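The values are calculated or read from the model by the stated rules, or taken from the named source; none is laboratory data. If you're wondering where the values come from, they're calculated on a predicted model, not measured in any experiment. In this analysis, Cβ positions are derived from the backbone assuming ideal geometry, glycine residues included, and neighbour counts consider all displayed protein chains. Heavy atoms of the whole protein, side chains included, go into the accessibility calculation; ligands, DNA and RNA do not. Shrake-Rupley method; radii C 1.70, N 1.55, O 1.52, S 1.80 Å.
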Amino acid sequence: MIRKPKISVIMPVYNGEMWLDESVHSILNQTFDDLELIIVNDASTDNTKEKILKIKDPRINFLENKTNLGVAKSLNHSLKNACGLFIARADVDDISNPNRFEEQLKVLENNEDFGMVTNKIEIINKEGEIIGYRNTLLSPEEFYYVLN
C-alpha cells in the first residue's frame, strides 16, 4: 500500500552538502509530521548524495538526476513522484521553523478558497545570525506566472 502523506515537501539539491543536514532535519522535525520529503539530487559533484543517503527516515524519498537538469526540471521530477494532498517547497539552504507546516496547513484548511500560502523569510549568515528579512508575497504578475 502506498503511503499518502498530507504534505509532500519537494527539495531540489545541487552541491548542497554544506547545508543539507540542518535543512533536512528542520523538515523532518516539524510539529506536523504527516509528510514525505522528496529530495532530488541534481547530479551534485560534492558529497551531497552520500549525506542524503546517510539520513535514515522512512519519510525521505530520494531521487537522482543522471545529469544536471536545473531547479525547474528537478522540481517537475519531484512533483511527478509526490503523493501528498499539499505540496511544500524547500531549498537545501532553507531552515524551516518547527511549526512551519502546522501553521501553513491551518491557513489552507481554514480558507478553502486559498490555493497557496507563503511566508516571511529571515535571512541568516553562516553563524546563524539574522541579517535581514524578505517577504515572499507574490505580485499579481508573479502569481499569474506561477499559475500558468
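Structure above, values below:
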read-out: Potential lengthening between L63 and A43 on full extension [0.36 nm per residue; Cα-Cα distance subtracted]; value: 6.2 nm
read-out: Residue-normalised accessible area of segment 1-92, given per residue in Å² at a 1.4 Å probe; value: 55 Å²
read-out: Gaussian network model of the chain, Cα within-10 Å springs - most flexible of D113, D42, D34; value: D113
read-out: Accessible-area composition of segment 1-93, carbon plus sulfur, in percent [1.4 Å probe]; value: 54 percent
read-out: Using a Förster distance of 41 Å, the FRET efficiency for H25-E109 (Cβ separation, nearest 0.05); value: 0.95
read-out: Mean Cα-pair separation over length for the chain, i.e. relative contact order, pairs under 8 Å, 6 or more apart, %; value: 28 percent
read-out: Axial C-alpha extent at least 15 Å, average Kyte-Doolittle at least -0.5 - helices from the chain (DSSP); value: 17-28
read-out: Length added when fully stretched, I121-D94, from 0.36 nm per residue minus Cα-Cα; value: 8.8 nm
read-out: Charge sum, other residues only, whose C-beta stays under 12 Å from P58's C-beta, Lys/Arg counted +1 and Asp/Glu -1; value: 0
read-out: Loop-exposed trypsin sites (Lys or Arg not before Pro) per DSSP, neighbour cap 11 Cβ within 10 angstrom, longest uninterrupted part of the chain; value: 67-125
read-out: Charged-residue dipole, Cβ positions (Lys, Arg, Asp, Glu), the chain about Cα centre, Debye nearest 20; value: 540 debye
read-out: Alpha-carbon Rg/Rh ratio, for segment 16-145, with Rh computed the Kirkwood way; value: 0.95
read-out: Fluctuation leader among I95, I123, I55 - the chain, Gaussian network, Cα springs under 10 angstrom; value: I123
read-out: Set of aspartates and glutamates near K126 by C-alpha distance (under 13 Å), chain-local residues within fewer than 8 positions excluded; value: E22, D93, D94
